[in-house]
Every structure is written in structure tokens, then in C-alpha cells.
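> My questions all concern the structure below.
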Amino acid sequence: MTNQTNTLSNVLGAIITQAAQLPDTGVAAKYQARIGTGNPNSRVMLIDTSGSMDEICQGTGRKRRIDILKEAISSIGWQDYQLVCFNFKVVPIQDVRDICEPCGGTALHRAIDYAASLYPSQTLVISDGEPEDEYAAIKSAEKLSGTISTLYVGDDSNREAIAFMSKLAKLGFGKPYVQSLDKGFQAISGTISQALLPPSY
């Protein structure tokens, strides 16, 4: 019995050793492949300036979505981030005052591709969650370094858009946030500040 036990132990030990040498293709591997990557001095904020951001917010003195968003970003430490506007095109900006006027579509995949060229350690996507091409946006996000967190600022009733933004954050091992622009810039700025914190697990 002792010889059989030793033989079994040796076989099991060999199997465990071989298994440990196999590449980890699961969630843990994907987590490790993204967390800690990117330049720690490179952080990006992608700001949706598509046509829908021209809509008037309720109870804000007829301010538009983009106006509330500008006020919110202005009130936080945005200087540590590369600001990038995106609609049908991608426009990097140096100052929050230069946030683009709303127009056109939502080429989120192009914005993420641009962010990837900066090799960021952290990316925050602020959007109403309705990109031109969801598939392309997800594929672009798969190639992006660092974490991806999202802040949904569209209609509370748009469950599909909220689900997409959550999916994007999950892929990037960041966190999804939802906040109505109708609540004014102070509520939004608080949520942005929270979203800018490095994800912890």
C-alpha cells in the first residue's frame, strides 16, 4: 500500500507541476494582463460630445448636458488627465474650457484607439452609452492598457446603454458609474471624482 501511495503521490505531483506551467487564460490572467499596465503618468478622460449632449437637462435652468458636464469636470482635478472629446471625430484638448460643442455621432472606438496610443494606466469614459459601433468599441477596449472605468450620463431609462457601459468597465477591470446630468454639476463632479480613483479589489 505504501508503494502504491507513493506512486499515486508522484503522479499527482507531476500533474500539478505540469498544470502550473500551462498558460492561464481565465479571468485572473486577464486581470493581471491589464492591472498595472500602462504608463502610471498617463491617464485619460474620454468625453462624449456627440449631438445628444446638446439636449436640455431638466431642472437646471435650461442648461445643456454638455454645460453641466463642463462645470462638473472644471470643479475637479482634471489637470492630471489627458482630456479627449469624441463625437464623429476625436479631439484631444489641453483645457476643460476647450471641450467641444456637441455634434455628430459617437465614434467611441476611435476615441479608445487614440487613448491606446497614449498607453494609459487608467481611462475614464464619460458617455450616454450609445456608440456608433458597440462591437468596434469593445474590440478597441480589449487592446487598451490599464483599467477602464465608465460614467453613464444618459437617460436613466436606457437600460441597453447602461448595460453597454457596465460591460465596457467589466472588460477593463474598472468600475461602472451611473449619474443623471439632471441632478446638476455638483452631483456629477462627486461621481467623477469617485470614478477617477484607482479601482481596488
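The values are calculated or read from the model by the stated rules, or taken from the named source; none is laboratory data. Everything numeric in this text was worked out from a predicted model, so none of it was measured. For neighbour counting, all protein chains shown are included, and Cβ atoms are generated from backbone atoms with ideal geometry for every residue, glycine included. Just the protein is used for accessible areas: all its heavy atoms, side chains included, with ligands, DNA and RNA removed. Shrake-Rupley method; radii C 1.70, N 1.55, O 1.52, S 1.80 Å.
> Under a 5 Å amide H to amide H cut-off, with H placed in plane at 1.01 Å, what residues pair with CYS85 once short-range neighbours are removed?
Here the answer is ILE47, VAL91, ILE93, since their amide H atoms fall under 5 Å of that of CYS85.
> Taking a threshold of 20 Å on the Cα-Cα distance, which of the pairs LYS70/LYS183; LYS139/LYS175; LYS143/LYS170; LYS70/LYS167; LYS89/LYS183 fall above it?
Result: LYS70/LYS167; LYS89/LYS183 exceed 20 Å.
> Enumerate by residue number the GluC sites (Glu not before Pro) in segment 126-201 meeting two conditions: DSSP loop (anything except H, G, I, E, B), and at most 16 other Cβ atoms within 10 Å of the site's Cβ. List each step's numbers first, then the result.
Working: sites: GLU132, GLU134, GLU142, GLU160; in loops: GLU132.
Sites meeting the loop and neighbour criteria: GLU132.
> Right, next: Could you tell me how far the Cα centroid of segment 164-201 sits from the Cα centroid of segment 49-74, in Å?
Going from one Cα centre to the other spans 17 Å.
> Another question, if that's okay. In square angstrom, what is the accessible area per residue of segment 110-201 with a 1.4 angstrom probe?
Per residue, segment 110-201 has an accessible area of 46 Å².
> What's the extension gain from VAL91 to SER193 if we count 0.36 nm per residue and subtract their Cα-Cα distance?
Full-extension gain reported as 34.5 nm.
> Long-range amide H contacts for ARG64: which residues qualify at under 5 Å (H placed 1.01 Å from N, peptide plane, sequence gap of 5 or more or a different chain)?
Answer set, sorted by chain and number: CYS57.
> On to the next question. Roughly how big is segment 22-172's charge dipole about its Cα centre, with Cβ charges of +1 (Lys, Arg) and -1 (Asp, Glu), in debye to the nearest 20?
So the magnitude is around 360 debye.
> Additional query: Test of the criteria: in segment 124-201, which trypsin sites (Lys or Arg not before Pro) are in a DSSP loop and have at most 11 other Cβ atoms within 10 angstrom of their Cβ?
For trypsin sites (Lys or Arg not before Pro) across segment 124-201 that sit outside H, G, I, E and B with at most 11 neighbouring Cβ atoms in 10 Å, the list reads LYS143.
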